Amino acid sequence: MNAGTTAFINNQHQTYQTIEKCHDGEGPLMLKDVIGAFGKWQFVKFIHDDIIPPGTTIGYHQHACSSPFEEWYYVLSGEGIMQLDGEEHRMRPGDISVCFANGHHGIKNTGTENLRILVICAAPL
């Protein structure tokens, strides 16, 4: 990684870890924290590459905070149902959901293939 105005992260050897019942959800998922091990960033707190098997959920939860906060879910493959503040939305490749400060969200893989999402969390220091 370069210091200063740019950065490059080589993730070729980054591996997935198994997470059981994420946010009190159902089943296991695979998570790769693609920037977490590389230091502090200005606004992006983490980027996860998640693989969610059929039937697995990330439990419905709240991001309770008083400062600005964003958590973005970008669907790379598969399909599922995202709950945002109690409302359900079908998610497929290319769809994005955003949970802001004090919002509630959770997702379930409702398809027959793995649901792969990129999760990006941003907040000021």
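Where a number appears in this text, it was derived from the coordinates with a stated rule and is not lab data. Remember, it's a predicted structure, so these values are computed and weren't measured experimentally. No Cβ is skipped: glycine too gets one built from the backbone with ideal geometry, and neighbour counts run over all protein chains shown.
In nm, to one decimal, how far is the modelled label at Glu87 from the one at Phe8, with both set 7 Å along Cα→Cβ?
4.3
What ranking do 92-104, 12-24 get when scored by the average of other Cβ atoms within 10 Å per residue, highest first?
Ranking the peptides 92-104, 12-24 by packing returns 92-104, 12-24.
Sequence neighbours fewer than 8 away in the same chain don't count; with that in mind, list the lysines whose C-alpha is under 17 Å from Lys45.
Leaving aside lysines fewer than 8 places away in the same chain, those within reach of Lys45 are Lys32.
What nm distance separates the two modelled labels at Thr112 and Phe43, each placed 7 Å from Cα along Cα→Cβ?
With each label placed 7 Å out from Cα toward Cβ, I get 4.2 nm.
Sorted from fewest to most neighbouring beta carbons within 10 Å, what does the list Asp85, Asp33 look like?
Asp85, Asp33
Name the residues whose placed amide hydrogens come within less than 5 Å of the amide hydrogen of Gly103, ignoring near sequence neighbours (fewer than 5 apart) on the same chain.
Distant-sequence amide H within range of Gly103: His63.
Which cross-chain or sequence-distant (5 or more) residues have an amide H under 5 Å from the amide H of Met91, H modelled 1.01 Å from N in plane?
Gly80, Ile81, Met82
Can you sort Lys108, Lys45 by how many other beta carbons sit within 10 Å, fewest first?
By the 10 Å Cβ count, ascending, the order reads Lys45, Lys108.
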